[in-house]
Amino acid sequence: MVNALQRFYVTCIGQKDFLFDIPSLYDYSCERLKSRFNTDFTEPHPDPESVRVTMAHYIPVPVAPGQTPQSIPAATQSVSETLVEYAIDRFLSRQDGVILLSSAHDKPLNASLTPAYVRDLVRSLDIAAGYRSMLDPILAATAPDYLKRRKLFVDQIPSLDILRAFALRLKNELSEQAYTVIENVLDMPDAIARLPVNGCKMVFSPLQLLPAKEGWEPTLVLNTYLMGPHESQSGPWVLYAPLHDEFVFKEYPDQAALLRDIHTSTYLQAYILDRVDPHLRKVYDKGGFVEPHLPFSAESSFDVPFDTPAPVTMQIDPYNGNCLLLMFEGALDTLKLQVQQHSVTNAEQRRAASRYLFTLGAEQVMALMPGRLGALVGII
């Protein structure tokens, strides 16, 4: 305990972290909005954090064919966030609603601060595109501060996470064996120099899922790792998620228990879906961990697959280098993916609008067709 605290104090207290001088997406959005308000408005300037943007979605009353729809909606759904947040995510490109503005402190807004102005403002700033363009060169391997960021990460993460593991051990949320596995791997990150624990060699592997036994490459779960005994040796396995807010370590008695949790835990599945390649998400989403949604080819229009896909499995590839260097790259990739998932650029907004209009038009056309023909078009 004393050693863990001393190491944490030396490497972390009073030191910068590896993301030094990089503003958060929220802070970046706030500063860009304030700068624009200083140009567009006289004193007192509006505070973007005090402006609430609400999208109201009106659900019409269902009517029988041939009857006139009522002007009063059956229900109203609304979602609200600050202007700083709206400039980032634009309600994740939701199209079917009306934007309303209000003050978080019940003070009247500037008369020029209208929904039309806010739409034009958000479009002209394009916060998401600007932040992504800023982030990519800063985190590139050729950036001047890249080696410094990597050194800070390599120095700080073992101290921080060994201390976290020790705290979990004190609360009996980790066993003594699991804590020993974590301490062994993070204290000796180089696989070649890593000493065995009670005669058992510990391995470190990225978490990779296999949706099928053959024909598919393993799907990498970003910045998520496994620690455990080498094959043919017994002992607990630890799921390791560095820098994750809700959990960092999860202990399992063996690989089979971990795989069962992946098949059954909606919480763990949601975590994994947020960290896989967005193009592969549809394979695992909506029950895909138990029955992967795999495409198939057929020689005729009437051929269908008769075999149900087996549940996903894991592929363990022990990493033979310094695991902290692998984790550093994983942390950078995860940051970029999270920014991409939680922000919307102008281009993405336009694509979402085009999809919405196409879907809306298709629904209206099908509504005018006879029942069976409309159903056939819907299937196609």
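The values are calculated or read from the model by the stated rules, or taken from the named source; none is laboratory data. Remember, it's a predicted structure, so these values are computed and weren't measured experimentally. Note that each Cβ is placed from the backbone with ideal geometry, even for glycine, and that neighbours are counted across all protein chains shown.
Residues checked against (1) of a type in the set (Ser, Thr, Tyr); (2) in contact (Cβ under 8 Å) with a residue 60 or more places away in the chain; (3) surrounded by 18 or more Cβ atoms within 10 Å (Cβ to Cβ); (4) over 19 Å from ALA178 (Cα atoms):
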site: THR219; (1), (2), (3), (4): yes, yes, yes, yes
site: SER232; (1), (2), (3), (4): yes, no, no, no
site: PRO236; (1), (2), (3), (4): no, yes, yes, no
site: PHE249; (1), (2), (3), (4): no, yes, yes, no
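Pairing residues of segment 36-48 that are more than 16 Å from PRO115 (Cβ to Cβ) with residues that are aromatic (Phe, Trp, Tyr) and not in a loop (DSSP other than H, G, I, E, B), at Cβ distances under 6 Å and at least 6 apart in sequence or on separate chains, gives HIS45/PHE37.
Listed here are the helices (runs of 4 or more DSSP H) enclosed by segment 217-297 that have at least 1 residues being small (Gly, Ala, Ser): 255-264, 266-273. Being touching a strand residue (DSSP E or B) at 6+ places or on another chain (Cβ under 9 Å), surrounded by 13 or more Cβ atoms within 10 Å (Cβ to Cβ) and within 30 Å of VAL238 (Cα to Cα): is that true of VAL118 here? Answer is no for this residue.
Can you say whether GLN349 is buried (at least 16 other Cβ atoms within 10 Å of the Cβ), modelled with pLDDT under 90, part of a helix (DSSP H, G or I) and polar (S, T, N, Q), as far as the supplied structure shows? The answer is yes for GLN349.
Among (1) of a type outside the set (Lys, Arg); (2) assigned by TED's automatic domain parsing to the domain that holds VAL283; (3) part of a helix (DSSP H, G or I), there is one condition TYR131 misses while meeting the rest; what is its number? Looking at each condition in turn, TYR131 falls short on (2). Among the numbered conditions (1) touching a residue at least 24 places away in the same chain (Cβ under 8 Å); (2) touching a His at 6+ places or on another chain (Cβ under 9 Å), the only one that LYS286 does not meet is (1). If you go through segment 143-173 and pick out every residue that is part of a loop (DSSP other than H, G, I, E, B) and more than 26 Å from the chain's Cα centre (by Cα), you end up with 3. Note on segment 1-96: enclosed helices (runs of 4 or more DSSP H) holding 1 or more residues that are at pLDDT below 95 and within 30 Å of LEU337 (Cα to Cα) are 2-11, 83-93. If only residues of segment 275-296 that are among the acidic types (Asp, Glu) and in contact with a Ser or Thr (Cβ under 9 Å, 6 or more places away or on another chain) are counted, the one that is surrounded by the fewest Cβ atoms within 10 Å (Cβ to Cβ) is ASP277.
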